[in-house]
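The values are calculated or read from the model by the stated rules, or taken from the named source; none is laboratory data. Since the model is a prediction, treat every value here as computed from it, not as a measurement. Heads up, the Cβs are rebuilt from the backbone with ideal geometry, glycines too, and the neighbour counts pull from every protein chain shown. These area figures cover heavy atoms from the full protein model, side chains too; ligands, DNA and RNA do not enter into them. Shrake-Rupley method; radii C 1.70, N 1.55, O 1.52, S 1.80 Å.
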Amino acid sequence: MASKKIIAICQSGGEFVTNNEDGFLTYIGGEAYALDINDQTILAEFKKEVAENFQRGIEGMTVKYFLPGNKKTLITISKDKDLKRMMNFIKDSDQVEIFIIYDEAVVKNVPNVSASRSTTASEAALTPATPVDMIHCDDLLGVDASIDTTPLCTYPGSNDENNEKQRRAATQWENTITDVGQRFSSFAEFREALHKYSIAHGFTYRYKKNDSRRVTAKCKVEGCSWCIYASRLPTTQLICIKKMNAKHTCDGAAVKAAYRSTRGWMGSIIKEKLKVAPNYKPKDIAKDIEREYGIQLNYSQARRAKEKAREQLQGSFKEAYSQLPLFCEKIRETNPGSVATIATKEDSSFHRLFIAFHASISGFQQGCRPLLFLDSTLLYAKYQGTLLAAIGIDGNDGVFPVAFAVVDEETNDNWQWFLSELKSAVATSCPITFVSDFQRGIRESLQNVFGEECYHGYCLHYLAEKLNNDLKGQFSHEARRLMIQDLCAAAFAPKLESFERCVENIKAISPEVYNWVSRSEPEHWANAFFGGARYGHLMSNFGKLFHDWVAELNELPITQMVDGLRGKVMELIYARRVESSQWVTTLTPLMEQKLQIDASKARSLHPLPSHGSTFEVRGESVEVVDIDQWDCSCKEWQLNGLPCCHTIAVSEYLGRSPYDLCSRYFSTESYHATYAESINPIPHLEKPIKGEPDMEHMVIVVTPPPTKRPPGRPKMKKADTFDIVKRQMQCSKCKGLGHNKKTCGKVNNIDEQDPLLLNGLITVELEETAVSMELESSLPM
């Protein structure tokens, strides 16, 4: 059967404009070509055909499209899988709009400005909704403030060569100011255009008037006739150039080179690049600026310029905290049933924020297993903080974010608050199983908040890592590797006999470590004793996908980070709903595959009826199955929620369907229920109109927390990997760990025949006898 063809309307060279009322994006201007695509189209071939039509190269090309019904979020197509996913999204349409953006293009967002609002110069510089003039610090200094022309950086090579590079680079700004009658959407936009114009034409200027109603600027050279005057058009928010004398009677080019290297100019260049590449790295910024403009930046200069440019594009970090109350209200308005609460300290500084969208709450209650993974992620934005998350798991073993919180720091009190909010949001009739590390804050908080209504499973990764750290310097690499391996085997062991066999292997290596394991509360981590249901998931890093999203967004202002996570979850829910609509199996694909594997094993087994619903099943081992009680002596059925091969053999003997013996959470129907609800877009935040108090929105002004990011590069969280046993250096003479024979003090400082050597060996023995005391002190209390 031939694949369905879709007409792709490819557009390039225009700009995006934001609708003032609903925040939807509209593409204006540029060229458009129609191409045929289908689900067999290869992205590389598609890009090549697009490049030929637009007579451009593939280098620097970005392909984007809108999700159906969502004109606020652009989705990027970066690989063939993304292209196929788009085809799946639009399968019911005959055409799709595709936007081709090159790295030099600027996606311009027209700000949402209320017609009744009067914006001052300082407000324009602080309001994220308006394009902030990152070039002129003097806009905040008042009338007659002159522009800073202090060079920011050094120029390698000849001045003539670099000036030529700058001349070519600034050519694109020559027409940012044209003539009388030209209009702008805000004073900030006009000031930025004026600054670029001055760079392109090589002169400096100063403001004579600079307020919320008018801007007058003159050439900085005394006696020069160049001047410009702009003011607001009556009854509108538009800014119009009323007067302009474009002729200079001075030699403006004399200050050209120094002026171009101001922080404002550099920030403007970086800002335009950040619009296309949000993850632009400082080292790449420095490299590109030197290559394109002949200006040399060090890493710190590039990083500071990037932070300033990003703040201008995305809004002030400080301003974002003041918007949190309104942001929470917008979440509740646009997504009824969602929970969005904020708490502040006595001084009104930010304390904590809890978010749980209705689609996530409903999906967890209707289709997910009562199993949540708790974990935290450090944030590296200007004011730092920690993100706490509760991640669920869908019927196809996929990550399902349920709730998250941003707190000023990870403390016992914040964990208890987060779990209290979580319990209120996702109330269920059955006990919930939590998997997390065994730090005191989480353990005590779970007991205080959920009590007997939950089970707490210790994360196996954290447990093994703690044991490995406690063993360093006391055992060889091989001994530690074997004990960690036996600990993991003991955790997964389904029956008591196999658990005891694993810990006896540990005891054979070290009785002290055996005692450590025995006192580590196996009822919280070993399958043989655990009372809850973890379905084979024993580690809290299950939600890695979500924490990767956090790592991608955590340097943004807090409102934008939260909204970015909302967008990620929104897209995830939509994509999985569309994908699962094609499933025709009773169970989800992954569970169907597991069931079929056990069904093939069941063919070699021989069930024998015993009494009632009890059967003896013979194979490589003999197991007892009580099919009415959902119980098999191998324990796999109870642990995983899917019938084991012994149970399937009995069901086939009785003529029953094995699907009737599967947990309901693995059915395609439950999966559909998980993703039935949608997360709705949140409109652009606008500040209340000054001078018009709205009693309904009278909220406390939230200020940032007192903690700021320390200087230097932040230390990134190590990736969770189970390869935690690393080989240690071992001395070939004294057999000690952590050094070699060249640095061995016991051998190099004494003669081998020296009687003092005996004392050294006695000391080593005494040190080893202290191992058990150290291990006991490190156990979870």
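Numbers for the structure displayed
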| read-out | value |
| --- | --- |
| Residues of segment 275-285 satisfying the condition of being assigned to a helix (DSSP H, G or I) and either closer than 17 Å to Gln312 by Cβ or at pLDDT below 85 (or both) | Lys275, Val276, Pro282, Ile285 |
| Pair list, Cβ under 6 Å, 6 or more apart: segment 218-241 residue over 17 Å from Tyr207 (Cα atoms), other residue open to solvent by less than 70 Å² (accessible area, probe 1.4 Å) | Leu233/Cys240; Gln237/Val113 |
| Residue in segment 509-519 that is touching a Lys or Arg at 6+ places or on another chain (Cβ under 7 Å) and under 30 Å from Glu452 (Cβ atoms) present | no |
| Check on Asp598, in contact (Cβ under 8 Å) with a residue 40 or more places away in the chain and open to solvent by less than 80 Å² (accessible area, probe 1.4 Å) | yes |
| Subset of segment 13-71 (residues that are basic (Lys, Arg) and surrounded by 15 or more Cβ atoms within 10 Å (Cβ to Cβ)) | Lys47, Arg56, Lys64, Lys71 |
| Cβ pairs under 8 Å, 6+ apart, first in segment 613-641 and under 17 Å from Lys594 (Cα atoms) and aromatic (Phe, Trp, Tyr), second assigned to a strand (DSSP E or B) and open to solvent by 40 Å² or more (accessible area, probe 1.4 Å) | Trp637/Asp631 |
| Test: residue in segment 65-80 that is at pLDDT below 80, part of a loop (DSSP other than H, G, I, E, B) and at positive phi | yes |
| Within segment 91-101, considering residues that are surrounded by fewer than 18 Cβ atoms within 10 Å (Cβ to Cβ) and in contact with a strand residue (DSSP E or B) (Cβ under 6 Å, 6 or more places away or on another chain), the one modelled with the lowest pLDDT | Gln95 |
| Residue ranges of strands (runs of 3 or more DSSP E) in segment 330-424 with at least 1 members open to solvent by 50 Å² or more (accessible area, probe 1.4 Å) and not aromatic (Phe, Trp, Tyr) | 339-344, 371-378 |
| Condition broken by Asp39, with the remaining ones in (1) in contact with a strand residue (DSSP E or B) (Cβ under 8 Å, 6 or more places away or on another chain); (2) in a loop (DSSP other than H, G, I, E, B) satisfied | (1) |
| Filter result (in contact with a strand residue (DSSP E or B) (Cβ under 7 Å, 6 or more places away or on another chain) and open to solvent by less than 40 Å² (accessible area, probe 1.4 Å)) within segment 566-581 | Gly567, Val569 |
| Helices (runs of 4 or more DSSP H) within segment 481-553 that include 3 or more residues buried (at least 20 other Cβ atoms within 10 Å of the Cβ) and without any contact (Cβ under 8 Å) to a residue 12 or more places away in the chain | none |
